[in-house]
Each structure stands twice: as structure tokens, then as C-alpha cells.
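This report concerns only the one structure given below.
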Amino acid sequence: MPREFWWLWTTTLVNRLGAFVATFMALYLTLDRGYSASYAGLVASLHGLGGVVSSLGGGVMADRLGRRPTILVAQVCTAGAVAALGFVHDPVAIAAVAFLVGLASNASRPAVQAMMADIVRPEDRVRAFSLNYWAINLGFAVSSMAAGFIAEFSYRAGFLIEAGMTLVCAILVFLKLPESRPAPAAKGTGGDSVGLGTVLRDGRYMAVVGLSFLVALVFQQGSVGLPVAMGRAGFTPADYGLAVAVNGVLIVALQIPVTRFIEHRDPRRLLVVSSVLAGYGFGLTAFAGSVGVFALTVCVWTLAEIVNAPTQTGLVVRLSPVHGRGRYQGMYSLSWSAAALIAPLMSGTVIDHLGADWLWGLCAAVGTVAGVGYAVLMRGLPQEGPAGSPAGAGNGSASGTGSGSMAGTASGSDSGSTADPGSGSTADSSSSSSSGSDSAAAGGAGGIGDGNTAETVVGAGRAVTQG
């Protein structure tokens, strides 16, 4: 791995170790400030709206201005907005600052994902994305448990700690990470013609983005509906922190070995199974009455996340042409941002008017719909060609024009030449990588995230974000 990857990996770990807002904003608003679940959902949705606005903007900035300046600006602005969130009290001011946090934090996601694809060779991406995803969830597991006890002492302290850790990440990026954006394509190759319209016309890619939205809508409930439902049932923030920390612990323990097991398996079956398992994992929460049972339900949907994240992100990476990675990753991030916008309103309204059991039943239904959607979408999808097969069929060119087939894109999306700042070699010098060479989670929505991916104020998004 190039040295730059490990610095990017370090910023991911530091960022997630300081995560607080993404996990405990719902509890802060409902338990500490005394607002309703509907208001907490509204605030989280405004945060999601900020993410929607910045997803595409951040992708365009990453392609035009560069990955490094986009990450720097986003992280510095995020630190300031998160710190301010701990000092505002007026409900309108809280909502406005939450929007700014979403706007700033989500802008870095496309740049982080694009930079990782730039600096790591195709044959190393499985290991690179798995290590990054591992760092995201190690940080999440630690921060979830720590933040629960910090919340018992002071929510404001949690906001300030996250702001400080985000600034540390910005300093590391400034000092240690060079720009990784590929050099402009030669005139006449079409490499610079990738625009948002190109992404929108890529029919199969947009269908994948739509199904990703449904899956994200379900996974968001781990940080949106679950804390509110547990709070309504009389559980403390520390109880929720311990239950949800199981998610991070399991991913830390199982993500890398599971990725090795699934990387050469049929992505169609993996996406169908993981989508349904996620929906019914959350559906089982309706039967939970103790912290232990809540933790068991977390185990179920965590297994779905472990399978879904590398498989889904692998498709996205292979479908992203070299000179349009920022825009393609921005559109993918948009699916998580849109879920962060809709999920809190959905969960808050359903819990307030119908009860938590209805929310968990709805999750099961959405997961089933997503699974059926993947089965239909990929029914005619040919297997990825062997290494050395011709690239460029369909949508695989650098310009990414036309709808194209996913198989053509998978083999041709890395055909451009991208400078590797760590070794001076080309990270994308070959269009033929082994099946699954990109199949890993880009710490990226990272989540569930994250992105911070998610980060989302009350959203998981860890799998797709650095934050």
C-alpha cells in the first residue's frame, strides 16, 4: 500500500473515534432538550438536506478543484459547525446549524472515496477498502461506548470533542496527503466530458443508486429510530451505546475475513440476500425488550451490512470512470444523503403516531422491496469478464457516456491512467483487474455511514464516509 493510503486511513480512524453527533443527536434533542421525536426527525432531515445539497457539489469540486482542497474545506467547516451545535439553544437555530453540519460534513465523502480509488492500484483495492471500513467501524465501536458515558456527563463536551478530532483530521490531510486527482485526459479522448448529465443518463448506475437509497433508508434506523425507540422504552443513552456498539465490534472482527469469502461470489445473490436480511434484522427489533435482545437484533442487521457494503461499493467503484469519479461518487453519496433526509421524518412520524413496532415492520417491507429490485435489475447481468478481457464495452470509457452494461463498465472503468502519488506508478494502468478487485467498502456511507458516512446527525452512513 502507498504511504498516502495509510495517512488517509489514519484520518478515517481519528475522525470516527471522535464521532458523537451521528450517534447521540436524537437522544440530545429528545431526552436532554425535551423535544418530540418529530422535531428530532425534522432536525435530522435538515441535516440530511444539507448532505443532499453537498453530495453533488462535493463530487464536482473533487473533480474540478481536487480531492485534497475539497476534504480540507469540508473538514474545517464541519469542525466549526459541530462546535456551534453545542452552544445553540433556540429550536430554529439548532435546525439551522444542523443543516450546516450536514452541508459541510457530507461534502468530503466523494473526495475521500475518489482519493482512495486514485492512490490504490485496482488489485489492492479489496484490502484497501476493507482496511478503511475496518477503521471506520473500530472508531465507531469505541466512540459509541464512550459517547454514551460522555452524554451522561455533558452533551456539549461530546460536540467539542468531535470538533477537535475533525480539526486533527484536517491538519493530517494538510500535512501528509498530496493531491491525487488524475491529470487531465488528452484532447479528443473524451475524458473531460464526464458531467452530471452523463451520470444521470447511465440508466443501470442510477438504478443501483436508487436501490442503494432503499437499503440506506433501512440502515439509517440504527441511529435514527433505534435510539428514540429505546429511549421511549425507558432505556438510557448508555444502554443504547452498548447495544449499537455491537455493530462496530462485529464489523471489526468479521469484515476482512467475510470480504475474502465473498469477493469472488455472485454479487446479485449477495445484494438480494443482504437487503432482505437488513430489513428483517430491523423488523426483529419489534420483539426486543432488553438490552441483550436489542444487541441480538443488531447482530442480524450487522451481518447484512458486512455483506452489502463491500458488494454495493464494489459496483459503484467499477462503474465510476477515472475522470468522473468525483461526480459518480457524489451521486452515490446522494443516495445516503437522501435517506438521511427521509429516514428521520419517517421514523419520527411513525413512532409518534403509530408506535415503534410499525417502524420495524416498515423496515422489513423496504428491505424486501430492495431485495426484489436487485433481483430484477441484475437478472440479465452477465458475469464480469476474466482478467485481460477487452474493456470499453458500453459505459466503460473514461467519459462514461451512454447507459452501457454493467459488465462493460466493470472491466473498462479503470482504463485511464492515474498517478499514484505514493510510488509514482500508475494506480489504474490496467483495465483488467481480477473479479472483485474493487469489491470492498469505501470508507465511505460510510455509513453508514458515515459518512460519516454519514456524518449524518442521526444517520448511520458509516460505510460510505470519512466524515
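The values are calculated or read from the model by the stated rules, or taken from the named source; none is laboratory data. Owing to the predicted nature of the structure, the values given are computational and were not obtained by experimental measurement. When we count neighbours, we look across all protein chains shown, and the Cβ atoms used for this are built from the backbone with ideal geometry, even at glycine. Side chains are part of the model used for accessible areas, which takes the heavy atoms of the whole protein and leaves out ligands, DNA and RNA. Shrake-Rupley method; radii C 1.70, N 1.55, O 1.52, S 1.80 Å.
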Segment R232-T349, length gained on full extension (0.36 nm per residue, minus Cα span): 40.7 nm
For the stretch 1-46, the Rg and Dmax computed from alpha carbons only, in angstrom: 16.3, 49
Rounded accessible area per residue of the stretch 197-302, 1.4 Å, Å²: 36 Å²
HN-Hα J in Hz across the stretch 155-168 - Karplus 6.51, -1.76, 1.60, θ = phi - 60°, x for Gly and Pro: 5, 4, 4, x, 4, 5, 5, 5, 4, x, 5, 5, 5, 4
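Which value, in Å², gives the accessible area per residue of the stretch 1-143 when a 1.4 Å probe is used on the protein heavy atoms? Present the calculation step by step, with values, prior to reporting the outcome.
On the way: 4080 Å² over 143 residues.
Value returned for the stretch 1-143: 29 Å² of accessible area per residue.
With +1 on each Lys and Arg Cβ and -1 on each Asp and Glu Cβ, how big is the dipole of the stretch 195-273 about its Cα centre, in debye rounded to the nearest 20? Write out the running numbers ahead of the final one.
Values: 7 positive and 4 negative charges, 50 e Å.
Once rounded to the nearest 20, the dipole reads 240 debye.
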Ratio Rg/Rh, restricted to the stretch 2-111 and using Cα atoms, in which Rh is the Kirkwood radius: 1.02
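Could you put D352, D124, D90, D202 in order of accessible surface area, largest first, with the 1.4 Å probe and the full protein assembly present?
Working: D352 55, D124 25, D90 85, D202 0 Å².
Heavy-atom accessible area, descending, gives D90, D352, D124, D202.
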Average accessible surface area per residue within the stretch 308-351, 1.4 Å rolling probe, Å²: 14 Å²
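Treat every Asp and Glu Cβ in the stretch 250-340 as -1 and every Lys and Arg Cβ as +1, leave all other atoms uncharged, and give the resulting dipole magnitude about the Cα centre to the nearest 20 debye.
Working: 7 positive and 3 negative charges, 64 e Å.
With only Lys, Arg, Asp and Glu charged at Cβ, the dipole is about 300 debye.
Compactness ratio of the stretch 108-171: Cα Rg over 2.2 N^0.38 Å, N = residue count?
On the way: Rg = 15.2 Å, N = 64, 2.2 N^0.38 = 10.7 Å.
Cα-based Rg divided by the globular estimate yields 1.43.
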